[in-house]
Amino acid sequence: MQNRPPSSDANASPDTKVEALVKRIAQAIDHGLLPAGTRLRSVRDCADKEDVSRNTVVEAYNRLIARGYAESRPGSGYYARKAPGARVQAPAAHLVEAVDVVSLLREQLEQHYEVRVGDGRPPATWMEGSELGRHLRGVRSNTWNQLEHGYGTPWGYLPLRQTIARLLHERSIQADARQVLLTQGANHALDLIVRQLLRPGDVVLVDSPGYYPLFGKLKLAEVTMVGVPRLPDGPDLEALHALAAAHRPKVFFTQSLAHNPTGGSLSLAKAHRLLQLAAQHDLQIVEDDPFADLMPASAPRLSALDQLDRVIYVSSFSKTLSAGLRVGFIAGPSAIINDLCDLKMVTLVSTSDFVERVVSQLIDGGQYRRHLTRLKARLHVAQRLSLPAMERAGLRLLSPYTGGYYVWAELPGGETEIDLVRRAAAEGIFVSPGSVFFPDRHSARPCMRVNVAYASDERFLRLFQPA
């Protein structure tokens, strides 16, 4: 490694200095500046050149060994190793294609691409890397001292369930803490519901386009999915009526507000009619509301109109607080919630009491509400920049933006989804092709889901400029 000037950040924490040194050496190995077998500088020499302590260098070298970047040869020193195979420059073929549920979900978790218009969440700097991070560090240390050693109740941390019941009241959903079951995010909630309510061969209705991770769970459970076309103001109710009569489904899974992937929201008139059809066809409704805290409390929700009679309500803090804090919940009729609690206990025992306490303290301390204010402001700026830019680029928006993370865009110029995915991947851009969001994997016209947080990036917009 080349010599570098002394660090200007004299006040950086020891761990920050270690990680900075690890990053510099790892990048040098990744880029071939330190080929495999090259001897790293001695601890003393590195400490002098990098203007850090010897302990910092030793810790950095140990972390490089743990991450596969270096090896220790007793009596000789530390040597570079071939860069770990997982750190490849080019995405794997299944990521370039990105046309099945598993590969799309994997790319959102592993994050190979730099421009992430297809991602399901906003940038980390908006969330864990924001001002909220300072509060998280303090809350976690305080919470650790309060923990009792044990599994905790399978229902979840009671004060948080009581807080959620209060939040539900603000949304005009009358429920008490005994009707609230905490889960590891909305996906865990949906998994419990699928396991409890459905058996192989059962038929369910789903939004089309809709939430693709749900499709994977239903396929795994060998449940037959029938798609209900999604319109800008909610499901196509004429189609739903005909499909319910023809297939006699047990459940309809839907997202009412800031719909994933279209971004549209359910109208009040359509919500009333949908509940009438559900009663007519004896249809249980599962309403997934992951963006609840970004939407007005008075927005039309099936759960508020139905008061958790025929509707099971699912929500989460993962989309608005932190994906690392996997806390969601189910609210519904007491008998169903009791059964779901038993199933949770059999399959998981309990969720993390520690994480639930962290979320509870962030809400009660007011940090979460302040974070939501900043998050909404960032979304407002992002959509104000992104939507006109996308339209100028020739993308047609098929649903009005209603306050979440997504818009649904039709591709210009007759380009196919797979061609766009390939061109975007070659430029380091991750997009979500529309076909993934249909239960039959077929989109009538080429579309994509776009995250407004990234959509004003010129690298993305240049994809649609004439060659």
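Under 5 Å from the amide H of residue 286 lie the amide H atoms of 252, 253, 254, 312, each residue being 5 or more positions distant or on a separate chain, with H modelled from the backbone and absent for Pro and chain starts.
Could you check how much of the accessible area of region 338-467 is carbon and sulfur, as a whole percent, using a 1.4 Å probe? Please report the intermediate quantities before stating the final value.
Numbers: 2960 of 5710 Å².
The value for region 338-467 is 52 percent carbon and sulfur by accessible area.
In this calculation the C-beta distance from residue 462 to residue 53 is compared with R0 = 60 Å, giving a FRET efficiency of 0.85. For region 187-274, a simple Cβ point-charge model (Lys and Arg +1, Asp and Glu -1, everything else neutral) yields a dipole of about 200 debye relative to the Cα centre. Between the beta carbons of residue 125 and residue 384, assuming R0 = 22 Å, the FRET efficiency works out to 0.75 to the nearest 0.05. Relative to the 2.2 N^0.38 Å rule of thumb, the chain has a C-alpha radius of gyration ratio of 1.09.
Need one number: the % of Cα-Cα pairs in region 273-401 sitting beyond the 20 Å mark. Could you put the intermediate results ahead of the total?
Values: 5042 of 8256 pairs.
Tail of P(r) above 20 Å: 61 percent of Cα pairs.
The charge dipole of region 277-332, taken about its Cα centre with unit charges on the Cβ atoms of Lys, Arg (+1), Asp and Glu (-1) only, comes to about 200 debye.
Each residue of region 158-170 is assigned a 3J(HN,Hα), and the resulting list reads 4, x, 5, 5, 5, 5, 4, 4, 5, 5, 5, 4, 5 Hz, derived from the Karplus form 6.51 cos²θ - 1.76 cosθ + 1.60 (θ = phi - 60°), x at Gly and Pro. Modelled label positions at residue 346 and residue 280, each set 7 Å beyond Cα in the direction of Cβ, lie 3.6 nm from each other.
Phi-derived couplings, Karplus 6.51 cos²θ - 1.76 cosθ + 1.60 at θ = phi - 60°, listed residue by residue for region 54-63: 5, 4, 4, 5, 4, 5, 5, 5, 5, 5 Hz, with x used for Gly and Pro. Pairs over the 31 Å Cα-Cα cut-off, from the set 23/217; 23/376; 270/319; 270/344; 23/344: 23/217; 23/376; 270/344; 23/344. Computed from Cα atoms, the angle from the helix 353-364 axis to the main principal axis of the chain rounds to 80 degrees. Under 5 Å between amide hydrogens, built in the peptide plane, is the criterion, and for residue 447 it picks out 411, 434, 435 among residues at least 5 positions away or on other chains. Mind grabbing the base-10 log of I(q)/I(0) for region 332-444 at q = 0.14, 0.17 Å⁻¹? Debye formula, identical points on the C-alpha positions, no solvent, two decimal places. Ignoring solvent entirely, the Cα scatterers give -0.92, -0.99. Which Cα, out of 333, 263, 303, lies furthest along the positive dipole direction of the chain (beta carbon charges, K/R +1, D/E -1)? It is 263, whose Cα lies furthest towards the positive end.
Restricting the calculation to Cα atoms, region 329-396 shows an Rg/Rh of 1.25 when the hydrodynamic-style radius is the Kirkwood one.
Mean residue ellipticity, 222 nm, helices only, the chain: the sum of -39500 (n - 2.57) across DSSP H runs of n ≥ 4, divided by residue count and rounded to 500, is -13000 deg cm²/dmol. Distance between the 7 Å Cα→Cβ label points at residue 297 and residue 354: 3.3 nm.
State whether region 275-351 is rounded, prolate or oblate according to the following rule on the C-alpha gyration tensor (a ≥ b ≥ c being the square roots of its eigenvalues): a/c under 1.5 gives rounded; otherwise a/b larger than b/c gives prolate, and the remaining case gives oblate. Display every interim value, and only then the final one.
Numbers: a/c = 2.84, a/b = 1.16, b/c = 2.44.
Verdict is oblate for region 275-351.
Report the local net charge at residue 221: Lys and Arg +1, Asp and Glu -1, summed over other residues whose C-beta lies under 13 Å from its C-beta. All intermediate terms of the calculation are to be shown ahead of the outcome.
Details: positive: 195, 199, 217, 219, 250; negative: 191, 202, 222.
Counting the neighbours of residue 221, the net charge comes to +2.
The packing ranking, built from the mean of other Cβ atoms within 10 Å per residue, places the peptides 264-275, 334-345 in the order 264-275, 334-345, highest first.
Find the relative contact order for the chain and round it to a whole percent, using C-alpha pairs within less than 8 Å whose residues are 6+ positions apart. Intermediate values should be presented prior to the final figure.
On the way: 815 pairs, mean separation 88.8, N = 467.
After rounding, I find 19 percent.
Is the C-alpha gyration tensor of region 202-250 telling us rounded, prolate or oblate? Criteria: a/c under 1.5 is rounded; beyond that, a/b larger than b/c is prolate, otherwise oblate. Verdict is oblate for region 202-250. Averaging Cα coordinates gives a centre for region 271-301 and one for region 373-387; these two points are 26 Å apart.
For the chain, the residue among 57, 377, 430 whose Cα projects farthest onto the positive side of the dipole built from Cβ charges is 57.
A crude spin-label estimate for the pair residue 76 and residue 19, with each label 7 Å from Cα along the Cβ direction, gives 3.3 nm.
Could you work out the Kirkwood radius for region 162-234, taking every pair of different alpha carbons, averaging 1/r and inverting it, reported in Å? Walk me through the numbers on the way to the answer.
On the way: mean 1/r = 0.0705 Å⁻¹.
In region 162-234 this quantity evaluates to 14.2 Å.
Given +1 at the Cβ of Lys and Arg, -1 at the Cβ of Asp and Glu and no other charges, the dipole of the chain around its Cα centre is 1080 debye to the nearest 20.
The values are calculated or read from the model by the stated rules, or taken from the named source; none is laboratory data. Bear in mind the structure is a predicted one, so any value in this text is a computation, not a measurement. Reconstructed Cβ throughout: ideal geometry from the backbone, glycine too, with neighbour counts over all protein chains shown. Accessible surface is based on the protein model in full, side chains and every heavy atom, while ligands, DNA and RNA are left aside. Shrake-Rupley method; radii C 1.70, N 1.55, O 1.52, S 1.80 Å.
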